[in-house]
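The values are calculated or read from the model by the stated rules, or taken from the named source; none is laboratory data. Just so it is clear, the model here is predicted, and its values are computed rather than measured. Glycine gets a Cβ as well: all are built from the backbone with ideal geometry, and neighbour counts include every protein chain shown.
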Amino acid sequence: MPGTELKAPPRPSLYAKRKAVYPRQIDGRFRRFKWLIMALTLGVYYLTPWLRWNRGPYAPNQAVLIDLAHRRFYMFAIEIWPQEFYFVAGLLIMAGIGLFLITSAVGRAWCGYACPQTVWTDLYQHVDRFIDGDRNAQMKLAAAPWGPAKIARRAAKWTIYLVIAFWTGGAWIMYFADAPTLTWDFWHGQAAPIAYATVAVLTGTTFWLGGFMREQVCIYMCPWPRIQSAMLDEKSLIVTYKDWRGEPRGSAKAAAAKPGTIGDCVDCGLCTAVCPTGIDIREGSQIGCITCALCIDACDRVMGQLGRPRGLIDYATLEDSERERAGAAPRSHLQLIWHPRTLIYFGIWSAVGLGLLFLLGTRQHLALNVSKDRNPPYMLLSDGSVRNAYAVRLRNMEGRPRRFEVSLQGMPGAVMWSDDSDRKAATTTLTRTVAPDQTDSLRVYVAAPPHSQPHKLSLTLRALDAEGGTISYATRFDAP
Amino acid sequence: MANKHIDEATGTETVGHEWDGIEELNTPLPRWWLLTFIACVIWALVYVVLYPAVPMPGGATQGTMGWTSRGQLAAETKAAEADRKVVVDQLNATAIENLPANPDLMKKAIAGGKAAFRVHCAACHGAGAAGSVGYPNLNDDDWLWGGDLKTLETTITHGIRYPGDAQTRQSLMPSFGRDGILKADQVADVAAYVRSLSKLEGPSAATGRGQALFAANCVACHGADGKGNRTLGAPNLTDAIWLYGSSSEQVQGSITVAHAGVMPAWGGKLDGATIKMLTAYVHSLGGGEASPAAAPAAAPAKP
């Protein structure tokens, strides 16, 4: 038909705008638990670097300190040297398995309560409420045209965002240097450039991720929800809307009019209004659900007001849901936590932990390392005797000076001296005092009589104090 | 455009294709993703303006920051030189024989000397300073010209038999055989005697004859006891170390046609601080001797 050509319908946008979420304030048992966790996690994060721990005159007195400049990691009574980094690796393994364990036992509890993204998002949402008011006021303000009032509120809100973000970044660097000193240096422009850069980057990411990205981090960016969806099974605790009890939805009035035909859900929408990720839990388990359980608080409150039993929305497993749908009584959650997968994860997690504790308890606080010179492998001296040289490192991991004796074993007739003594004083032992928390290197020469053959020998380090302790290092003696 | 498919379960449009009943949803990307992409593009554009980026005939664009990798290297080298200058200045101000009194500076000098040795000395003396036939081993306790710091510094600065340096170490052993001073059998006798000095050979008629010849021809430089003379660079013949070999043939060869090894004078090639570093390093290899008299007991020997 000429002239009446159909117009193509408008193409859908290739990019979807974020659906803004304005979660409503709610109180309840899980909300109070979230407050507690938030106080704990933020408190630990912000205050830990300020704890002091006396380690004597030779080590820093900050309880938790990652001293990159001196290659030391301090955590209360524990001091870790770089070669003991496996302790940190072990802790990371425990953290990884711990996440599996938590997921297996109580579902996405990490996401719902303890994840920094959740905690900071929660904090920022409280800032929103503090400045703009609760859900309805926030929505109204968002819809309102830009004017002096809106600009003022936005400026105030973003300033608080920025202050929190800055504080977050600022606390991070305190773990890497003496906190009081660094604070002073920071405000006097004397801290290292990396400190300012780190604060700037963390301020930026906190401001952006906590202030604006929020639930999008969980839904689009974070790999953990994807991994978890592979880990959840019919025995995992998830937030469940008990549709067999709630459907069909209807008002209390309708339920009173026709008893028996209307479910418990009054379709008040409070569960969706309080959701920090903006989902409707009544559509079932979904990737957006971080199991923060605020919808449980919301629904419990409504059920309470209506005089109906709580738990229309509640933590439940799929298995449980099937049982309850069939009419069985709800089971205690404690019964659900201890299934085999949880026990296996707990076993692995504790085994790694116990292994680390064992290593920590039995580790030596001294070490000896011997590296034989290979170029030249041996030397002829003018009297015909054969000399070998060794680079020897003595490590004192205690916070006090220690006196060590290095002795030569396994080669009769051989004597040794070091770079600070003389061949004339050669014997089979050397003593050295190693400064607290330090490594000492010395060059050791071993000489054997003319025509000596290649031989095995070992050097033994012995601490000459009450605590004692010995350690040996096997090496060899080369000869023509 | 007309056949628009909507997926029932999600209410999202599909791309319109179907594979064995499987359809692909045309879910729009979140907008922050687009914004991130745009931010990256802006970043790239700014980068292109600030840094060298676009290849052009005759070289890439320069960038407004003026950054080059060569420039960065030059700046880093300059910074390293500035760091090093502290040690160099200290070394320049310290006489070599006073170096042991400053263990920290000594340590730094040894480290610097180790690096310089690999560059300037390793070609002849070997990377481990163990030398080879004709090139002295610097690890041992035998020195032709002396092994204390001051002497080593002089040797390195002026070299050995190096033409062009007036103060170079100078000495010349006559080629006894070639120049007809000794006959071949006399050379063999002297060689036998010399070898007997370090117990490589037992006493014999030859060593007896050699002893007399030695006394007549060699003691002026090597000394009556054959222990050499460091001021002349005459080697000690009684020890176990032989620069040109200890076999009878090798010793006879050295007497017939004398060796006169040459080492460059490094004074004209390297600065004073580097020479001090090299001196400290060579001294630290295990054969270094204490400075005579002047030094007040370098380091207390520990039992």
Condition test on A:I279, is it in contact (Cβ under 8 Å) with a residue 40 or more places away in the chain and either in contact with an Asp or Glu (Cβ under 6 Å, 6 or more places away or on another chain) or of a type outside the set (S, T, Y) (or both)?
no
Considering only residues of the stretch B:251-265 that are surrounded by fewer than 16 Cβ atoms within 10 Å (Cβ to Cβ) and not β-branched (V, I, T), which is farthest from B:D189 (Cα to Cα)?
B:G261
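For every residue, the table says whether it meets (1) touching a Ser or Thr at 6+ places or on another chain (Cβ under 7 Å); (2) among the small types (G, A, S).
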| position | (1), (2) |
| --- | --- |
| A:I238 | yes, no |
| A:R245 | no, no |
| A:G250 | no, yes |
| A:L270 | no, no |
Would you mention how many residues in the stretch A:428-477 are within 48 Å of the chain's Cα centre (by Cα) and outside any strand (DSSP E or B)?
9
Restricting the search to the stretch A:16-47, which residues are more than 14 Å from chain B (Cβ to nearest Cβ) and either without any contact (Cβ under 8 Å) to a residue 12 or more places away in the chain or among the acidic types (D, E) (or both)?
A:D27, A:R32, A:W35, A:L36, A:A39, A:L40, A:G43, A:V44, A:L47
Test: A:V352 is β-branched (V, I, T), at pLDDT 90 or above, part of a strand (DSSP E or B) and surrounded by 13 or more Cβ atoms within 10 Å (Cβ to Cβ):
no
Name the single residue that is nearest to the chain's Cα centre (by Cα) among those in the stretch B:199-228 being buried (at least 16 other Cβ atoms within 10 Å of the Cβ) and under 26 Å from B:V262 (Cα atoms).
B:G228
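What residue, of A:S472, A:S407, A:S385, A:S421, is of a type in the set (G, A, S), under 26 Å from A:Q364 (Cβ atoms), within 13 Å of chain B (Cβ to nearest Cβ) and in contact with a strand residue (DSSP E or B) (Cβ under 8 Å, 6 or more places away or on another chain)?
From the options A:S472, A:S407, A:S385, A:S421, the qualifying one is A:S407.
Residue-by-condition table, conditions (1) of a type in the set (A, V, I, L, M, F, W, C); (2) more than 14 Å from every other protein chain (Cβ to nearest Cβ); (3) out of contact with any His (no Cβ under 7 Å at 6 or more places or on another chain):
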{"residue": "A:N396", "(1), (2), (3)": "no, yes, yes"}
{"residue": "A:R403", "(1), (2), (3)": "no, no, yes"}
{"residue": "A:M416", "(1), (2), (3)": "yes, no, yes"}
{"residue": "A:L442", "(1), (2), (3)": "yes, no, yes"}
Residues of the stretch B:229-241 that turn out to be over 18 Å from A:L381 (Cα atoms), surrounded by fewer than 17 Cβ atoms within 10 Å (Cβ to Cβ) and either within 14 Å of chain A (Cβ to nearest Cβ) or of a type outside the set (S, T, Y) (or both), as a count
1
The one condition in (1) in contact (Cβ under 8 Å) with a residue 24 or more places away in the chain; (2) on the phi > 0 side of the Ramachandran plot that B:G180 fails to fulfil:
(1)
Check whether at least one residue in the stretch B:271-285 is touching a Leu at 6+ places or on another chain (Cβ under 8 Å), more than 29 Å from A:Y390 (Cβ to Cβ) and crowded, with 17+ Cβ neighbours inside 10 Å, and report yes or no.
yes
Helices (runs of 4 or more DSSP H) within the stretch A:235-322 that include 1 or more residues outside the structural domain of A:F33 (by TED's automatic domain parsing) and within 16 Å of A:P23 (Cβ to Cβ):
A:270-273, A:294-306
Output the residue which, of all residues in the stretch B:147-174 that are crowded, with 17+ Cβ neighbours inside 10 Å and in a loop (DSSP other than H, G, I, E, B), is farthest from the other protein chains (Cβ to nearest Cβ).
B:D165
What is the residue count in the stretch A:420-439 for residues that are buried (at least 19 other Cβ atoms within 10 Å of the Cβ) and more than 20 Å from A:I471 (Cα to Cα)?
1
Looking only at helices (runs of 4 or more DSSP H) that fall completely inside the stretch A:126-208, which ones have 1 or more residues that are assigned by TED's automatic domain parsing to the domain that holds A:Y45, under 18 Å from A:Y46 (Cα atoms) and under 25 Å from the mean Cα position of the chain (by Cα)?
A:148-173, A:179-187, A:193-208
Here is a list of conditions, (1) surrounded by 16 or more Cβ atoms within 10 Å (Cβ to Cβ); (2) in contact (Cβ under 8 Å) with a residue 24 or more places away in the chain; (3) closer than 26 Å to B:W32 by Cβ, and A:M213 meets all of them except one; can you say which number that is?
(2)
Being more than 25 Å from B:S198 (Cα to Cα) and either small (G, A, S) or in the same structural domain as A:R71 (by TED's automatic domain parsing) (or both) is the filter here, so list the residues in the stretch A:426-474 that pass it.
A:A435, A:S441, A:S458, A:A463, A:A466, A:G468, A:G469, A:S472, A:A474
Kindly establish whether A:A367 is facing another protein chain (nearest Cβ under 8 Å), outside any loop (DSSP other than H, G, I, E, B), under 49 Å from the mean Cα position of the chain (by Cα) and touching a residue at least 12 places away in the same chain (Cβ under 8 Å).
no
Would you check which residues across the stretch A:440-463 are surrounded by fewer than 17 Cβ atoms within 10 Å (Cβ to Cβ), of a type in the set (D, E, K, R) and out of contact with any Gly (no Cβ under 7 Å at 6 or more places or on another chain) and list them?
A:D440, A:R443
A:C218 fails exactly one of (1) modelled with pLDDT under 85; (2) not in a loop (DSSP other than H, G, I, E, B), namely (1)
Any residue that is under 21 Å from the mean Cα position of the chain (by Cα), closer than 27 Å to A:I164 by Cβ, surrounded by fewer than 19 Cβ atoms within 10 Å (Cβ to Cβ) and in contact (Cβ under 8 Å) with a residue 24 or more places away in the chain - is there at least one of those in the stretch A:71-92?
no
Could you count how many residues in the stretch A:45-68 are charged (D, E, K, R) and under 15 Å from A:G399 (Cβ atoms)?
2
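Quick one: is A:R432 farther than 30 Å from B:G228 by Cα, within 14 Å of chain B (Cβ to nearest Cβ) and free of Cβ contacts under 8 Å to residues at least 60 places away in the same chain? Let's see the steps before the verdict.
Details: farther than 30 Å from B:G228 by Cα: yes; within 14 Å of chain B (Cβ to nearest Cβ): yes; free of Cβ contacts under 8 Å to residues at least 60 places away in the same chain: yes.
So A:R432 fits the description; yes.
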Using beta carbons and a limit of 6 Å, which pairs, at least six apart or on different chains, have the first residue in the stretch B:24-47 and over 20 Å from A:M221 (Cα atoms) and more than 14 Å from every other protein chain (Cβ to nearest Cβ) and the second one exposed (fewer than 15 other Cβ atoms within 10 Å of the Cβ) and not acidic (D, E)?
B:E24/B:V15
